[in-house]
Amino acid sequence: MPLKIAVLAKQVLDPEMPMAAFRIDEDAKRVVPPSNIPPVVNGFDENAVEAALQIKDAQEATVTVISTGSSFALDVMKKPLSMGADELVLLQDDDFDNTIDSFQTAQLLAAAIRKLEGFDLIICGRQASDWDNAQVPLGVAEILGVSCVSLGKKVDVADGKAIVERIVPDGYQVVEASLPALVTVSNELGQPRYPTLRGIMAATRKRPTVWSKADLDLDDSQSEARVTLRQLFIPVSDQECEFVEGENAADAGRQLALKLREAKII
Amino acid sequence: MADATGVLVIGQSSADALDSTAAELLAAGRNAAASLGEELSIALLGDAVDAPAQQAIAHGADRVYAVTSPLLSGYQADLYLAAMDSLCREVNPRVVLISRTNEGRELAPRLAFRLGVGLAQDCLEVSVDEATKTLLANRPVYGGNAIAVVSCVQTPQIAAIRPKAYEAAELDSSRQGQVVSFPVDLDASQARVRVVETVREESEGVKLEEARVVVSGGRGLGGPEPFAGLEDLAKILGGAVGASRAAVDSGWVPPSYQVGLTGKSITPDLYITVAISGASQHMAGCSGAKCIVAINKDADANIFKDARYGVVGDWETVIPALTEAVRELMDS
């Protein structure tokens, strides 16, 4: 049996977009997506796709990418397919608006995983660059009751176990987790691979499976909101920068040292 | 079941000492408990927690739950969660505060899901709406470009607080508090993740999180070699060297150097950034720095918006001159 791997991926606003384009509708408590900047697959989720594909390079495995949202840019969400993933499942419904409530998002993804009859390994990015909640993957692990390892920088599967190098503040640990397992990965995993021409062609031909709310067996007792968003605003900095100048750059460096001494900072 | 009441801090500690993050949580919890007019308690997990329990009381706890088991002597997420879950069900607190440390990053969301409640993640500040006894949490979102104010709907209302967002209160050893023994019956088979090996790869010298001075380098350095120059400057100032994510992703320094949203949170007195553009994700890790100095050749770089002092210039020229001048000043 090939190893069955799922990757949970989210479509997000491009975090590299110019700050000037970042706007908030404070009344609606929403970020207004700029019309001329396309969304992207969340960066850490691309690391998750890479982690899955590295396993698939080494052993027989299938990689299914699952995402949830109210609307998708299909060409964007097909990127993991063009990198080498096998299938794309989109949970799409007007109600799936990926709000700040990670609890609801995790319920949807867990329901989809159950409908797909479970996976040996679920790999996720450590957090999404929009709400930075870092909750959904761990929540999915809790709902499904599978082993959970966070902040991986290398993921392998051998002898029915996931072997993960997980980042800790002063280095890393090698840990083993029984399967089925969920692993979150971080940017330390390394650059995700670029799609190949062959991959792009194959992705063009693939059609995603699209499920709406009605297709998922959701637990109605869990549908109540867990978190309320009360306010959303852009913080203002009142910091004034004093530019230290000199006759040339070297002199500016010396002047900076004097300035710091004068201010009793050094 | 009685109504939920009180603020419960889940604190990290060793057998001998309370962790600084637990003391920070007690400061945050003290405010919340006062606004609610309710008790502040702390849960300490371990095989023996007598010494940190007394420190927790001196830091403001009214009550300490000594959550003990031989299986809690070292951190293991599954076992810690099982213990926290049974304590929360028994104590039924209104508010739970956890530090978003490396351990808190995994414990807080999993505990919230296990209890079926919401979590306000990575908060900079929490306050209480006294009329509704609701915890209001300010948390950075979109990489720190925006702030969301969120609240949890059910109890316990759980918030994970960013380390160093709060300052610990002064120790008051005359404070009195109660230590409640809460032994937990755990089974080793509950641990589904096992540590096989631990590899340390920290920079030598002062720890980044504890340094009074930090010198960080970014993408603009162009390679690993210039970090040696930053090491020199940091050494003279008794500080540590950090890096932006771009420098870590390029493989110039190990991940343990990373300052930022997904790296370390630092609060030095002086933070010197070299060739760092100042993306909000980086600034999220150093917003508590008392004085930020920016050296960047791009006068329009974002970093200057957050800096107290700035030099617009090439680091290759500025840093050696700065280092030499600092050396002379420190020697004199």
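Every number here is computed from the coordinates shown, using simple stated rules; none is lab data. Source: prediction; values computed, not measured. For neighbour counting, all protein chains shown are included, and Cβ atoms are generated from backbone atoms with ideal geometry for every residue, glycine included.
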ask   = Name the residues of segment A:33-54 whose amide N is less than 12 Å from a point 7 angstrom out from the Cα of A:R193 along the C-beta direction?
value = A:49-54
remark   = Here, A:V210 and B:D187, labelled 7 Å along Cα→Cβ, have an inter-label distance in nm of 4.6
query = So which aspartates and glutamates can B:K207 reach, going by Cα to Cα under 16 Å and dropping same-chain residues fewer than 8 places off?
reply = A:D170, B:D19, B:E231, B:D232, B:D269
note = per DSSP, antiparallel bridges as share of beta bridges in the protein assembly as shown, % nearest 5, sits at 35
inquiry  = Loop-only GluC sites (Glu not before Pro) in segment A:209-266, please: DSSP not H, G, I, E or B, and at most 11 other Cβ atoms within 10 Å.
reply    = A:E240, A:E247
key: Coarse-grained scattering of segment B:212-261 at q = 0.27 Å⁻¹, given as base-10 log I(q)/I(0) from a Debye sum over alpha-carbon atoms   = -0.99
ask   = When only DSSP loop residues count, what GluC sites (Glu not before Pro) in segment A:1-59 have their Cβ near at most 13 other Cβ atoms within 10 Å?
value = A:E16, A:E26
request  = Over the Cα atoms of segment A:93-187, compute the convex hull volume and normalise it per residue, giving Å³.
outcome  = 97
remark   = With Cα coordinates, the longest principal axis of chain A makes an angle with the long axis of helix A:249-262, in degrees rounded to 10, of 80
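Report, to one decimal in Å, the Kirkwood hydrodynamic radius for segment B:146-199 based on all distinct Cα pairs.
For segment B:146-199, inverting the mean 1/r across all distinct Cα pairs yields 17.5 Å.
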note = Per principal axis, largest first, the Cα atoms of chain A extend in Å by 70, 46, 39
key: For segment B:1-97, convex hull volume per residue from C-alpha positions, Å³   = 81
request  = Counting other Cβ atoms within 10 Å, keep those with at most 16, restrict to DSSP loop, and tell me which GluC sites (Glu not before Pro) in segment B:124-189 are left.
outcome  = B:E130, B:E167, B:E170
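Quick check: convex hull over the Cα atoms of the protein assembly as shown, volume per residue in Å³, rounded to an integer?
Measuring per residue, one finds 164 Å³ for the Cα hull of the protein assembly as shown.
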note = Computed from the beta carbon distance with a Förster radius of 60 Å, FRET efficiency for B:S127 and A:K115 to the nearest 0.05 stands at 0.90
inquiry  = Taking just the alpha carbons, could you work out the radius of gyration and Dmax for segment B:60-218, both in angstroms?
reply    = 18.1, 51
task = Would you mind giving the average projected area, over all directions, of the Cα convex hull of segment B:113-163 in nm² with one decimal?
result = 3.8
task = Show which aspartates and glutamates lie in cross-link reach of A:K259 when reach means a straight Cα distance below 13 angstrom and same-chain residues fewer than eight apart are skipped.
result = A:E242, A:E245, A:D251
request  = Note the angle between two axes, namely the Cα long axis of helix B:102-115 and the longest principal axis of the Cα atoms of chain B, as a number of degrees from 0 to 90, rounded to the nearest 10.
outcome  = 30
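When the Kirkwood radius is taken over all Cα pairs of segment B:76-139, what Stokes-Einstein diffusion coefficient follows at 37 °C and 0.692 mPa s, in µm²/s?
The calculation lands on 261 µm²/s.
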request  = Return the FRET efficiency for the residue pair A:M1, B:D47: r is the Cβ-Cβ distance, R0 is 56 Å, and the value is rounded to the nearest 0.05.
outcome  = 0.85
Beta bridge orientation in chain A: antiparallel %, DSSP, nearest 5 = 40
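Could you work out the equivalent-ellipsoid semi-axes for segment B:126-235, taking the square root of 5 times each eigenvalue of the Cα gyration tensor, largest first, in whole Å? Kindly include the intermediate steps, with their values, before the conclusion.
Values: eigenvalues 272, 130, 82 Å².
Value: 37, 25, 20 Å, ordered largest first.
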ask   = What are the principal axis extents of the Cα atoms in segment A:149-266, in Å, biggest first?
value = 67, 43, 36
message = With n ≥ 4 as the cut-off for DSSP H runs, can you work out [θ] at 222 nm for chain B, using -39500 (n - 2.57) per run divided by the number of residues, rounded to the nearest 500?
response = -8500 deg cm²/dmol
key: Where labels lie 7 Å past Cα in the beta-carbon direction, separation of B:V153 and B:K207 in nm   = 4.0
task = Identify the residues of segment A:162-205 with backbone N under 13 Å of a label point that sits 7 angstrom from the Cα of A:K154 along the Cα-to-Cβ direction, or state none.
result = A:163-167, A:172-175, A:189-190
task = Go from 0 up to the bin containing the longest alpha carbon distance in segment B:184-332, width 5 Å each, and give me the % of pairs per bin.
result = 2, 10, 19, 22, 19, 10, 5, 4, 3, 3, 2, 1, 0
request  = Could you run the Debye sum over the Cα atoms of segment A:17-99, one equal point scatterer each and no solvent, and tell me log10 of I(q)/I(0) at q = 0.14, 0.16, 0.26 Å⁻¹, two decimals?
outcome  = -0.60, -0.74, -1.31
query = Which percent of the Cα-Cα distances in segment A:52-130 go past 15 Å?
reply = 62
ask   = Put a dot 7 Å past each Cα toward the Cβ at A:V236 and B:S73; how far apart are the dots in nm?
value = 5.7
request  = For chain B, state the average projected area of the convex hull of the C-alpha atoms over all orientations, rounded to one decimal in nm².
outcome  = 18.9
